[in-house]
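S.K.: After the structure tokens below, expect a handful of questions from me.
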């Protein structure tokens, strides 16, 4: 992915050059290769060998003419989960959609429409739903189920969207919070896989892949699930 993106960036006009009259077609990214490259970038991150691609001012200038992201990452809004850093990618590589608890089911048109835009208009071949250890939104949902008490403002509605995943994880062996976080990711993947009219048909004919993963706040490693 790094080499392909670098070659694509080099082909874009430099600052001061005339903008092309017609945008080039997005590259035909391969979902499996993109997912493999993201995991390779995460390994560089965890080993302290980041290459921090496409982070110079000139990289931003060339991308002003258009974007060609290779993946959509739906991640938690948590300040400790920056997708571009933990996957060691640069500007223009990821189309990031962030919401507390990386919730998808029951969310409004803004979130789902953002994902659909990346797939339909930017031809992104991969969607990654990324949860993380110690997720406060999932913790709140678990506590909310136990105490059966209302939470203030829109927080109550947010945790209500996470509660079905928490309920599915109940009774599984292992740590209850880890199980709920994983199930919340899997629920997000399932929701996206059934989302018509844009995502589901593309998944069925192989043009789109939806995967899940959990990011470990302590180690920095991403563990794939549902891939």
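S.K.: If I fit a long axis through the Cα atoms of helix 176-193 and take the longest principal axis of the Cα atoms of the chain, what angle between them do I get, 0 to 90°, rounded to 10?
M.R.: 50 degrees
S.K.: Taking only Cα atoms, what is the 0 to 90° angle, nearest 10, from helix 31-46's long axis to the longest principal axis of the chain?
M.R.: With both axes taken from Cα atoms, the answer is about 80 degrees.
S.K.: Length gain on complete extension for the stretch residue 167 to residue 218, per 0.36 nm per residue less the alpha carbon to alpha carbon distance?
M.R.: On the way: separation 51, 0.36 × 51 = 18.36 nm, distance 2.60 nm.
That pair, residue 167 and residue 218, stretches by 15.8 nm at full extension.
S.K.: How many percent of DSSP beta bridges within region 28-225 run antiparallel, rounded to 5? All intermediate terms of the calculation are to be shown ahead of the outcome.
M.R.: Working: 4 of 21 bridges.
Taking every DSSP beta bridge with both residues in region 28-225, the antiparallel ones total about 20 percent.
S.K.: Once you place label points 7 Å from the Cα toward the Cβ at residue 43 and residue 198, how far apart are they in nm?
M.R.: If labels sit at residue 43 and residue 198, their model points lie 3.3 nm apart.
S.K.: Next question. By how many degrees, between 0 and 90 and to the nearest 10, does the Cα long axis of helix 109-120 differ from the longest principal axis of the chain?
M.R.: 40 degrees
S.K.: Could you tell me whether region 51-147 comes out rounded, prolate or oblate from its Cα gyration tensor? Rule is a ≥ b ≥ c as square roots of the eigenvalues, rounded for a/c under 1.5, then prolate if a/b exceeds b/c, otherwise oblate. Please list the in-between numbers first.
M.R.: Numbers: a/c = 3.14, a/b = 1.70, b/c = 1.85.
It is oblate, given that a/c is not under 1.5 and a/b is not larger than b/c.
FYI, it's all coordinate maths here, none of it is from the lab. Because the structure is predicted, anything quoted here is derived from the model rather than measured. Because the Cβ atoms are built from the backbone with ideal geometry, glycine has one as well, and the counts that use them run over all protein chains shown.
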